[in-house]
Amino acid sequence: MNAKPIVKWAGGKRQLIDKLIKYMPQMYNKYFEPFIGGGALLFELMPSVAVINDINQDLLAIYKCLANNENYKLMIDELEKHEKNHSEEYFYKVREEDRKPEFNDIPIWKRASRAIYLNKSCFNGLYRVNSKGYFNVPSAKKLKVKTYDVDNIKRLHNYFVKNDITVLEGDFVEAVASAEPGDFVYFDPPYDPFDDKESFTAYTKFNFTKEDQIRLATLYKELSNKGVSVMLSNHNTKFINELYAGFNVHVVKAKRMINSDSNGRGNVEEVIITNY
Ligand SMILES: C[S@@+](CC[C@H](N)C(=O)[O-])C[C@H]1O[C@@H](n2cnc3c(N)ncnc32)[C@H](O)[C@@H]1O
């Protein structure tokens, strides 16, 4: 039985799931997702052997806790505590924690539950940091906050502990170093911005640049030459089409769900690019 993402994430792929499934290979060995974010496709498919990765430390803390019995229990207890203590003032107190130097040493279950709590109680359920890397989304001013769905989180915990799931934290290049012919890699990087619209890239204090998109396209070609099945999603921009010329480009329409400014809502064209 499949599961849903735990956190709402900018660029989350829930709404494109059917199309991603339509364009992915029917058979593959190991599953790789180097920009895991909210993990919409992974949790829909629940492959038994997978390598997942992201550069966002708060997000990775959640997946590491799901994969460990003790940290999982501590994370759930802490979520209960956050729900009980929730208020406008409490939200800002928890939000301020990453400004303190000792934040880097807090246990992983505290980091994970803070990330989930803020995601569920902040405006628009968005994860966004400022240039210093501090979480800066305001409160949604909710009177009550529900931080998790019991059945869904149990299902995810079971999935992580009962299968062969490797959770990595770092740059996308290292994440696919062990990919072999017959494996499947799905890349969902931060979007290349449309010229006329602002795009969301504030997942970490480092922006994802044009150079990063070029690095990714080079890696895509290397994996393709090696016999790995590769699928990538991005905005339908001229730059992306040039980078992936020669591969199969499928244009799909998507609704822009969350953005830093509400003017960005509406329909946008995305591409799903495959090498098979
Ligand atoms: C579009 S989101 C992925 C959304 C995801 N597919 C979902 O359904 O929620 C892009 C992700 O890339 C991560 N990221 C940014 N730069 C990265 C890098 N250099 N290496 C790995 N991950 C990176 C961000 O933290 C973010 O979670």
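Just a few scattered comments:
- Selected residue [at pLDDT 95 or above, part of a loop (DSSP other than H, G, I, E, B) and more than 30 Å from V49 (Cβ to Cβ)] from K132, K141, K146: K146
- Matching residues in region 163-199 - criterion: being assigned to a loop (DSSP other than H, G, I, E, B), more than 9 Å from the ligand (Cβ to nearest atom), surrounded by fewer than 17 Cβ atoms within 10 Å (Cβ to Cβ) and at pLDDT 95 or above: N163, A177, S178, E180, P181, G182
- One residue alone among A202, A217 is modelled with pLDDT under 95 and under 22 Å from the mean Cα position of the chain (by Cα), and that residue is A202.
- Screening F103, F35 for residues that are outside the structural domain of P193 (by TED's automatic domain parsing) and among the hydrophobic types (A, V, I, L, M, F, W, C) leaves exactly one candidate, F103.
- Number of positions in region 19-69 that are part of a helix (DSSP H, G or I), near the ligand (Cβ under 10 Å from one of its atoms) and among the aromatic types (F, W, Y): 1
The values are calculated or read from the model by the stated rules, or taken from the named source; none is laboratory data. Just so it is clear, the model here is predicted, and its values are computed rather than measured. For neighbour counting, all protein chains shown are included, and Cβ atoms are generated from backbone atoms with ideal geometry for every residue, glycine included.
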